[in-house]
Amino acid sequence: MMTIARRACFAWALVAALVAFAPPAEAQTATYKVTFQGNWTTASVPGGVVGSAHFTTLVGAVHNDNVTFWESGGMATAGVEGVAEQGSTGTFVSEVNAAGSDALLVRQSIGRSPTVTAAFDVDFSKDRPLFTLLSMIGPSPDWFVGVSGLSLVNDQNKWIPELSMDLFPYDAGTKNGTRFALGGVDTSPRGTIRRIKGEDPFSDEPMAMLSFELKHSVSVEGEELPTETTLSPNYPNPFNPETTIRYGLSAAGPVRLAVYDVAGHEVATLVDGPQAAGRYSVHFAAGDLPSGAYVYRLQTGEETIARTMLLVK
């Protein structure tokens with residue numbers, strides 16, 4: 001029969017085990033690598049690619065559900081009209097700025113190619129988890145590609161590790177025209193924004209693709225900054241095929257977090273660049289790596305910390 005003392009020891013051991021293997025607190029902010037890939041080809045436009053074909057500067061916002069900058073079935077604002085008709089971003093930028101703390105501007109210059117690839121980082125937070133973006137299909141009367149109010153958190157309020165989506169053409173409803181050329185007569189009465197996938201001159205193929213890859217997330221709300229550099233055990237461990245690595249920085253500076261196999265060969269670079277002080281959480285997907293032990297190593301200036309994790313497939 002278990003004594004009271006033994007029961008107490010067992011209870012404390014159970015609590016300690018639960019704490020040790022508890023999932024990490026959900027991060028409040030996240031940085032994503034966003035990649036825009038143009039797909040203006042004869043597959044998406046069977047009639048051919050005009051010589052001046054290009055996409056214009058990407059413009060949008062990270063925001064909450066208090067604001068909507070454009071949506072299918074809605075009327076184009078002056079800012080959306082400027083982007084769709086001329087590729088101009090000034091008025092749309094003013095609309096984002098007018099939203100105050102509900103939205104933060106995203107603007108990225110890209111090359112003038114119909115198949116351009118542009119990758120850039122975007123910071124999100126739990127109070128601004130939505131993403132809106134648009135770019136003119138240039139030249140055109142008022143056609144654009146984009147996304148409106150896309151959430152980067154799932155139903156469990158967790159950051160989505162990876163996301164890819166096809167972008168199809170939209171008509172802003174402000175100009176008449178059926179050819180890839182600027183200008184045209186104002187639509188009267190003005191129409192609503194509508195998707196024109198599969199309508200001449202477009203096919204059912206996407207005009208562009210947009211992808212999101214979670215680079216790292218950080219918990220800052222209600223937490224004090226770390227007093228020293230820390231590297232926590234990954235969770236879950238063992239894992240298959242994804243796990244989360246947490247670390248803390250007491251001061252700003254260069255940071256490198258990489259994964260190595262047992263032979264010392266680097267198999268993944270998760271972080272490589274300056275970061276502010278705070279508590280960070282990085283998603284690691286093992287992909288096609290074989291089962292076995294791996295080492296993840298954190299380097300901050302002259303300090304290096306390493307831990308071992310186990311991939312079991």
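Annotations for the structure displayed:
- With contributions of -39500 (n - 2.57) from each DSSP H run of at least four residues, the per-residue ellipticity at 222 nm computed over the chain stands at -3500 deg cm²/dmol.
- The range 79-232, relative contact order in percent, only Cα pairs under 8 angstrom and at least six apart counted: 19 percent
- Taking every Cα-Cα distance in the range 29-214 and sorting them into 5 Å bins from zero, the calculated P(r) comes out as 1, 8, 18, 21, 21, 16, 9, 4, 1, 0 percent.
- More than 17 angstrom apart: percent of Cα pairs within the range 224-311: 43 percent
- Projected-area average for the chain over all orientations - Cα convex hull basis, square nanometres: 22.1 nm²
- Hits among aspartates and glutamates - C-alpha to C-alpha of Lys175 under 12 Å, sequence gap 8 or more where chains match: Glu81, Glu85, Asp142, Asp186
- Each peptide in 111-119, 265-273, 208-216 gets a packing score, the mean of other Cβ atoms within 10 Å over its residues, and the list from highest to lowest is 208-216, 111-119, 265-273.
- Crossing angle, helix 4-20 versus the chain [Cα axis fit, 0-90 degrees, rounded to tens]: 30 degrees
- Cross-link partners of Lys158 among lysines (Cα-Cα below 28 Å; sequence separation of 8 or more within a chain): Lys33, Lys126, Lys215, Lys313
- Remark: relative contact order (the chain) = 18 percent; criterion is Cα-Cα distance under 8 angstrom and separation of 6 or more residues.
- Packing-based exposure ordering (other Cβ within 10 Å, fewest first) of Val67, Val96: Val67, Val96
- Amide H partners (placed H, <5 Å) of Gln275, local residues excluded: Gly253, Val255
Any read-out appearing in this document is the output of simple, stated calculations on the displayed coordinates, not a laboratory observation. Note that the structure is predicted; figures quoted are calculated from it, not measured. Don't worry about glycine lacking a Cβ; one is built from the backbone with ideal geometry, like all the others, and counts go over all protein chains shown.
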